[in-house]
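**Student:** Once you've had a glance at the structure underneath, I'll fire off some questions.
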Amino acid sequence: MNRREFLKVSGVAAVSLVLPDCLRAHTGNTQSNRPNILFIAVDDLRPELGCYGNDIIKTPYIDRLAREGVLFNRAYCQQAVCNPSRASLLTGMRPDSVRVWDLRVHFRETVPDVVTLPQHFKDNGYYTAGIGKIYHTVAGHMEDPISWTVPKLKPKGRIWTWPDEVLEERKKLHERLQAEGKSEAQVNRIRATATVCEDVPDNARYDGAQTDVAIEKLRELKNHSNPFFLAVGYIRPHLPFAPPKKYWDMYDRDSIPLAENDFLPKGSPPVAMNTMYELRDYMDFLNTPSPTKGALTEEQQRLLKHGYYASVSFVDAQVGRLMDALDRLGLRDNTIVILWGDHGWKLGEHRSWCKQTNYEDDTRAPLIVSAPRCEARGMTCEALVEFIDIYPTLCDLSGLPIPEHAEGKSFKPLLNDTGLSWKQGAFSQFLRRYEGTQYMGHSIRTNRYRFVEWRDCETAAVSFRELYYHQSDPQENVNIANKDENKILVVGLAKQLRETCPPLPPRATLPRLRSVKSTTPTVLRIINKLDEPVSIYWLDYYGGRQKKGFLKPNQQIRKNTFLGQLFVAVSESGANRFLLNSRDFQTQPAILR
Ligand SMILES: [Ca+2]
């Protein structure tokens with residue numbers, strides 16, 4: 001069966017939709033002279049590093065990596081939030097092509113057949129392995145087993161972020177909020193503290209423990225006959241900031257400077273700024289105002305900035321351990337090392353924190369590539385590059401064909417000559433719901449400008465425009481899109497933007513896979529005939545997943561539901577995935593096999 005069909009289940013009971021190639025061991029095509037790839041993703045890392053010119057933050061190991069490779073000073077993610085940024089980078093497609101714009105939709109539901117970056121390497125004789133956050137979330141609900149030669153690696157045992165007393169406090173808070181009548185969803189999303197400072201060893205935290213596993217894997221891969229693609233995804237400096245105490249101790253909280261531009265960009269439209277809901281999910285920041293309503297206290301700002309810096313230094317130390325292992329094992333000379341952060345992060349700029357905008361602070365992210373025999377070693381490259389360029393670049397550097405679906409351009413030439421004339425624009429976008437209306441903001445960053453067009457998703461009409469002149473306003477503090485003297489400039493930039501990111505048709509942002517509202521009751525019976533457990537999710541009216549059950553082998557479940565409700569069943573390994581429409585199973589059960 002073609003993989004394209006794997007989400008198109010209908011008709012009679014049997015729904016055998018095992019992805020055919022994913023568990024098949026790859027044989028042949030061994031290209032032992034091909035370079036290995038060490039692919040390091042760092043969650044929420046902004047280019048605030050020693051090698052990017054910050055002399056307060058301490059990142060000696062990433063700085064060393066930059067000296068051994070090329071640092072891209074103007075690299076842009078395609079959407080400044082985890083799942084869309086990663087789905088785009090790992091498929092090599094822009095968000096509008098992969099149709100993943102939020103944290104709910106899995107790219108296998110929108111482009112089921114796409115060959116991801118690690119999968120492409122696997123198909124070409126590489127041994128591919130991943131650990132940590134590569135696809136969205138470490139918990140794995142956006143995982144993609146077909147990408148890897150071996151199941152996702154994990155440190156052993158459960159690793160705790162918060163001490164017991166903090167978890168106890170959170171429990172009490174949950175009970176209090178429940179008693180006040182807050183809904184289960186409102187209560188459950190509240191996490192413990194946004195920062196944790198405990199005197200623990202590095203491997204008491206996930207990033208330290210997974211570095212131990214990654215180093216062990218490198219040791220094993222050294223003797224493997226195939227070249228490897230090892231992806232290591234660090235989860236800090238994403239919130240909560242919980243590095244061991246020794247990294248907090250590297251900084252004096254009071255001498256870390258706070259953002260200069262602690263105000264909303266003048267003349268910016270209300271849809272442009274994030275709401276910081278992510279920060280309000282932590283119990284010590286519950287009542288934090290959105291940037292449009294107010295600011296954090298200085299004490300809160302200092303705590304968060306300190307925690308972010310400490311988290312970055314913690315991850316930096318882990319990168320150092322990985323790189324030392326690569327050296328010690330004699331693998332360095334034939335390994336391409338790439339380090340990227342999935343998007344930027346505001347540390348008080350524009351009175352905001354976290355990500356989720358089209359601004360420079362969020363779309364610009366670190367990118368360092370150290371490839372064997374690259375001539376521009378130690379150089380900084382000012383060319384505009386995009387994260388969709390990473391897929392073709394790694395293929396190009398490794399002598400692999402570049403798949404047709406990849407929309408980026410290999411920047412391999414820049415690794416030899418950083419001064420080449422390059423792209424004229426880098427494109428990012430963000431989907432925002434504001435006061436009941438959904439807007440898509442498409443953005444172009446040229447050498448001198450950032451221009452953004454926000455369209456109402458319902459009608460596709462332009463609602464707002466933003467223009468920032470980077471020569472005189474590098475912080476994007478004043479929107480000059482509506483000035484008379486910029487009319488011609490706006491027309492030109494809009495044309496350039498639309499050539500690469502054409503406006504989406506009306507209502508195009510609705511997920512293709514979602515349940516339809518209905519009041520006709522029905523019963524859906526699901527039987528698991530696989531030899532592994534299966535989780536059942538309901539795809540809600542916006543395409544989000546809500547877990548509705550868990551079936552061990554040979555177990556079955558009965559769900560009272562309505563006609564037209566969609567459910568996804570995903571096996572524990574992720575290798576079996578089924579789409580079930582309640583309409584198709586009114587008279588017989590859905591048998592998963
Ligand atoms: Ca992220």
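**Student:** Could you check, for the stretch 384-395, whether at least one of its residues is within 16 Å of the ligand (Cβ to nearest atom), outside the structural domain of VAL478 (by TED's automatic domain parsing), aromatic (Phe, Trp, Tyr) and in a helix (DSSP H, G or I)?
**Tutor:** Yes, the stretch 384-395 contains a residue that is within 16 Å of the ligand (Cβ to nearest atom), outside the structural domain of VAL478 (by TED's automatic domain parsing), aromatic (Phe, Trp, Tyr) and in a helix (DSSP H, G or I).
**Student:** If you check VAL319, VAL337, VAL312, VAL271, which single one turns out to be within 16 Å of the ligand (Cβ to nearest atom) and either assigned by TED's automatic domain parsing to the domain that holds GLU220 or assigned to a helix (DSSP H, G or I) (or both)?
**Tutor:** Matching residue, one of VAL319, VAL337, VAL312, VAL271: VAL312.
**Student:** Another question about this same structure. Can you tell me which condition ASP123 does not meet? The list is (1) crowded, with 21+ Cβ neighbours inside 10 Å; (2) more than 14 Å from the ligand (Cβ to nearest atom), and all the others hold.
**Tutor:** (1)
**Student:** Identify, from the list LEU230, LEU279, the residue that is assigned to a strand (DSSP E or B) and under 25 Å from ASP43 (Cα atoms).
**Tutor:** LEU230
**Student:** Take the residues in the stretch 189-210 that are assigned to a helix (DSSP H, G or I) and over 23 Å from the mean Cα position of the chain (by Cα), then tell me which one is surrounded by the fewest Cβ atoms within 10 Å (Cβ to Cβ).
**Tutor:** So, considering only residues that are assigned to a helix (DSSP H, G or I) and over 23 Å from the mean Cα position of the chain (by Cα), the one surrounded by the fewest Cβ atoms within 10 Å (Cβ to Cβ) is ALA204.
**Student:** Also, quick follow-up: If a residue must be surrounded by fewer than 24 Cβ atoms within 10 Å (Cβ to Cβ) and either closer than 12 Å to LEU347 by Cα or touching a Cys at 6+ places or on another chain (Cβ under 8 Å) (or both), how many such residues does the stretch 306-320 contain?
**Tutor:** Residues that pass the stated criteria total 1.
**Student:** Would you mind telling me which numbered condition in (1) surrounded by fewer than 24 Cβ atoms within 10 Å (Cβ to Cβ); (2) within 15 Å of the ligand (Cβ to nearest atom); (3) within 26 Å of TRP422 (Cα to Cα) SER97 fails?
**Tutor:** It fails just one condition, (2).
**Student:** From the list SER410, SER463, which residue is small (Gly, Ala, Ser) and within 27 Å of THR380 (Cβ to Cβ)?
**Tutor:** Matching residue, one of SER410, SER463: SER410.
**Student:** Look through ARG377, ARG373 and report the one residue that is modelled with pLDDT under 95, assigned to a loop (DSSP other than H, G, I, E, B) and of a type outside the set (S, T, N, Q).
**Tutor:** Working: ARG377 fails: modelled with pLDDT under 95.
Of the residues listed, the single one that is modelled with pLDDT under 95, assigned to a loop (DSSP other than H, G, I, E, B) and of a type outside the set (S, T, N, Q) is ARG373.
**Student:** Out of curiosity, is GLN178 under 30 Å from GLN546 (Cβ atoms) and either crowded, with 18+ Cβ neighbours inside 10 Å or in contact with a Leu (Cβ under 9 Å, 6 or more places away or on another chain) (or both)?
**Tutor:** Answer is no for this residue.
**Student:** Sticking with this one: What single numbered condition from (1) within 26 Å of the chain's Cα centre (by Cα); (2) on the phi < 0 side of the Ramachandran plot fails to hold for GLY157?
**Tutor:** (2)
Residue-wise test of (1) farther than 23 Å from GLY544 by Cβ; (2) touching a Pro at 6+ places or on another chain (Cβ under 7 Å); (3) not polar (S, T, N, Q).
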position: ARG74; (1), (2), (3): yes, no, yes
position: LEU89; (1), (2), (3): no, no, yes
position: PRO95; (1), (2), (3): no, yes, yes
position: LEU117; (1), (2), (3): yes, no, yes
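**Student:** Continuing with the same structure: In the list VAL490, VAL462, which residue meets the criterion of being aliphatic (A, V, I, L, M), surrounded by fewer than 18 Cβ atoms within 10 Å (Cβ to Cβ) and more than 26 Å from the chain's Cα centre (by Cα)?
**Tutor:** VAL462
**Student:** Could you check how many residues of the stretch 229-268 are within 16 Å of the ligand (Cβ to nearest atom) and either farther than 26 Å from ALA214 by Cβ or basic (Lys, Arg) (or both)?
**Tutor:** So the count comes out to 1.
**Student:** From the list GLU458, GLU466, GLU453, which one is in contact with a strand residue (DSSP E or B) (Cβ under 9 Å, 6 or more places away or on another chain), closer than 22 Å to PRO270 by Cβ and outside any strand (DSSP E or B)?
**Tutor:** Testing whether each residue is in contact with a strand residue (DSSP E or B) (Cβ under 9 Å, 6 or more places away or on another chain), closer than 22 Å to PRO270 by Cβ and outside any strand (DSSP E or B) leaves just GLU458.
**Student:** Now for a separate question. Just wondering, is there one or more residues in the stretch 575-592 that are surrounded by 14 or more Cβ atoms within 10 Å (Cβ to Cβ), polar (S, T, N, Q) and in a loop (DSSP other than H, G, I, E, B)?
**Tutor:** no
**Student:** Is it fair to say ILE527 is at pLDDT 95 or above, surrounded by fewer than 18 Cβ atoms within 10 Å (Cβ to Cβ), in a strand (DSSP E or B) and outside the structural domain of VAL111 (by TED's automatic domain parsing)?
**Tutor:** The answer is yes for ILE527.
The values are calculated or read from the model by the stated rules, or taken from the named source; none is laboratory data. Computed from a prediction, not measured in an experiment: that's the story for all the values here. Counting neighbours? That spans all protein chains shown, and the Cβs are built from the backbone with ideal geometry, glycine included.
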